[in-house]
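Participant: This structure is in structure tokens; I'll ask about it shortly.
Values quoted throughout were computed directly from the atomic coordinates according to the rules given, and no laboratory measurement underlies them. Everything quoted here is computed from the prediction, not taken from an experiment. So basically every Cβ, Gly included, is an ideal-geometry build from the backbone, and we count neighbours across all protein chains shown.
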Amino acid sequence: MAEKTFQFEILTLQREFLREEARFVIAPGQEGVFEILTGHAPFVFALKPGPLRMRLPEGKDVHVAIGTGFLIVQKESVTVLTRSAERPEEIDIERAARAKQRAEERLQKREDVDFSRAQAALERAIARLKVAEHSGKGL
Amino acid sequence: MPSTRDIRRRIRGVKNIRQVTKAMNMIAAARLRRAQTKAEAARPYAERLSAILQDVFASGASARHPLLAQRPVKRVGLVVVSSDRGLCGSFNAGILREAGRFVEEQTADVGLITVGRKAREFFQRMEITIDQSFPQPSREVRLEEVGAISKQIITDYTSGKYDQIHLAYARFISVLKSEPTVTQLLPIPKPETDGAAAVARMVAYQFEPEAEELLGALLPQYVEVLAYGSLVESLASEQAARMVAMKSATDSASDMIDALTRKYNRVRQTAITTQILEVVSGAEALEE
């Protein structure tokens with residue numbers, strides 16, 4: 001197990017959500033999903049709501065549904081700043097499904113809706129549902 | 001001279017009040033602790049976010065984002081953060097005084113945006129127009145509640161309704177001290193690219209999306225975090241003020257009970273003395 005790891009943390013305004021050693025992190029960037037390995041160049045990414053996955057040194061994966069935010073790659077560490085973060089077991093699947101449906105309906109109507117807001121709500125709901133699939137597994 | 005029964009009734013009344021103020025004192029203390037924890041938990045996040053902002057600026061991205069644009073100031077927006085509830089000493093009075101001073105100092109028109117019932121009622125009583133009012137966020141200070149306020153502020157700024165937006169809130173210093181403060185929210189004051197710090201952090205970051213586009217995502221979040229921080233601090237200041245006010249109310253009630261008890265004893269003694277005198281003089285009259 002000589003694979004290199006780096007320090008990974010997820011911060012929200014409410015708390016330090018997670019702090020672990022990670023082998024890699026796969027995150028939903030605004031311009032597409034990307035993967036961070038050890039030794040990545042210093043970078044700042046804008047994130048959109050979506051599923052984030054990281055691999056622990058012992059090979060297990062951690063899944064987190066994150067909201068809009070940023071990912072900062074520094075020399076020895078990677079930090080995610082996000083408006084919200086939830087583990088699979090914290091997600092209320094029914095609520096997320098309802099939110100998804102609501103957002104879709106609103107996007108269909110197209111008139112008189114705050115489009116970007118509905119879009120963001122939809123992204124958040126989809127992210128939650130995706131991450132919730134991993135509940136009980138992986139962790 | 002009040003009767004002993006009147007005094008006893010008053011003592012009972014004051015005791016009941018003391019019980020209430022004491023309970024409020026303890027509740028405020030617990031809520032203060034929670035608000036302080038919240039403020040501390042948000043600090044690393046806020047620091048990291050403003051560090052990114054500085055890095056973006058340091059990268060030389062021409063900062064032409066609308067939220068940074070300085071415009072000639074024709075109308076200023078002032079967000080006044082008060083509380084929904086009273087019984088917290090001079091907390092709201094302090095904020096409103098500071099807000100009033102700010103309005104006087106401005107040469108431009110000032111539009112008011114109130115947060116919390118107390119500020120709204122105050123300006124309504126003074127018959128000053130309020131552009132918009134928000135309720136005070138719940139004690140959890142949820143991000144959605146803050147987001148609603150910060151989004152509105154950003155829209156009002158970009159639409160040109162205000163050319164500058166300031167925020168008046170009670171900065172939390174310690175349990176015994178909070179300071180009504182007015183800070184500028186928009187346009188976002190450019191962080192000073194302090195020479196030494198900039199060199200120390202001379203890691204050249206790359207950005208995705210490009211720095212300028214990233215700024216578009218970053219700045220609204222930054223405003224939201226600033227608003228969140230102020231609202232949490234205001235909550236901590238309110239609870240601290242209430243805690244202190246209720247402590248002194250409890251102490252006053254105790255003093256009052258002491259004074260009333262002394263009076264009660266004196267009245268009671270006088271009454272007994274009078275009665276004895278009456279009995280004795282009655283007996284003496286019979287003996288003669």
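Participant: Which of B:276, B:154, B:52 moves the most in a Gaussian network model of chain B with Cα springs under 10 Å?
Facilitator: Of the options given, B:276 has the highest mean-square fluctuation.
Participant: Out of the DSSP beta bridges found with both residues in chain B, what percent are antiparallel (nearest 5)?
Facilitator: Roughly 40 percent of the DSSP beta bridges within chain B come out antiparallel.
Participant: Summing -39500 (n - 2.57) over the DSSP H runs of n ≥ 4 in the protein assembly as shown and dividing by its residue number, what mean residue ellipticity at 222 nm do you reach, to the nearest 500 deg cm²/dmol?
Facilitator: -18000 deg cm²/dmol
Participant: Calculate, in nm to one decimal, what residue B:51 and residue B:190 gain on full extension: separation in residues at 0.36 nm each, minus their alpha carbon distance.
Facilitator: Taking 0.36 nm per residue and subtracting the Cα distance, the gain is 48.8 nm.
Participant: Long-range amide H contacts for residue B:206: which residues qualify at under 5 Å (H placed 1.01 Å from N, peptide plane, sequence gap of 5 or more or a different chain)?
Facilitator: Result for residue B:206 returns A:43, A:44.
Participant: Convert each backbone phi in segment A:16-32 into a coupling constant with the Karplus relation 6.51 cos²θ - 1.76 cosθ + 1.60 (shift: θ = phi - 60°), then list the ³J(HN,Hα) values in order as whole Hz, x for Gly and Pro.
Facilitator: Using θ = phi - 60°, the values come out as 7, 7, 7, 8, 9, 7, 10, 8, 8, 9, 10, 10, x, x, 4, 9, x Hz.
Participant: If you don't mind, another one. Between residue A:119 and residue B:175, what is the spin-label point distance in nm, taking each point 7 Å from the Cα along the Cα→C-beta axis?
Facilitator: Result for the modelled spin labels: 5.0 nm.
Participant: Taking the Cα centre of chain A as origin, work out the dipole magnitude from +1 charges on Lys and Arg Cβ and -1 charges on Asp and Glu Cβ, in debye rounded to 20.
Facilitator: That gives a dipole near 200 debye.
Participant: If one takes the longest principal axis of the Cα atoms in chain B, at what angle in degrees, from 0 to 90 and to the nearest 10, does the Cα axis of helix B:91-105 lie?
Facilitator: Helix B:91-105 sits at roughly 50 degrees to that axis.
Participant: While we're here: Straight-line reach from residue A:130: which lysines fall under 24 Å, measuring Cα to Cα and dropping same-chain residues less than 8 apart?
Facilitator: Filter leaves A:48, A:60, A:100.
Participant: Please list, in chain and number order, the residues 5+ apart from residue A:30 or on another chain whose amide H is under 5 Å from its amide H, with Hs placed from the backbone.
Facilitator: Distant-sequence amide H within range of residue A:30: A:46, A:47, A:48.
Participant: Could you check which residue among A:23, A:124, A:95 shows the biggest mean-square fluctuation in a GNM of chain A with a 10 Å Cα cutoff?
Facilitator: A:95
Participant: Expressed as a rounded percentage, what relative contact order does segment B:60-200 have, with Cα pairs under 8 Å and six or more residues apart?
Facilitator: It rounds to 31 percent for segment B:60-200.
Participant: Cα axis of helix B:143-158 to longest principal axis of chain B: angle in degrees, 0 to 90, nearest 10?
Facilitator: Helix B:143-158 and the main axis of chain B meet at about 50 degrees.
Participant: Which residues in segment B:206-249 have a backbone N closer than 19 Å to a point placed 7 Å from the Cα of residue B:40 along the Cα-to-Cβ line?
Facilitator: Residues B:229-241 qualify, since their backbone N sits under 19 Å from the label point.
Participant: Mind sorting B:234, B:178, B:3, B:133 by how few other Cβ atoms lie within 10 Å of their own Cβ, fewest first?
Facilitator: B:3, B:133, B:178, B:234
Participant: With unit charges on the beta carbon (Lys/Arg positive, Asp/Glu negative), name the residue among B:162, B:130, B:36 whose Cα is farthest towards the positive pole of the charge dipole of chain B.
Facilitator: The residue sitting most towards the positive pole is B:36.
Participant: Give the shape of segment A:6-86 as rounded, prolate or oblate, defined through the alpha-carbon gyration tensor: a ≥ b ≥ c are the square roots of its eigenvalues, a/c under 1.5 means rounded, and otherwise the shape is prolate if a/b is larger than b/c and oblate if not.
Facilitator: In terms of gyration-tensor shape, rounded.
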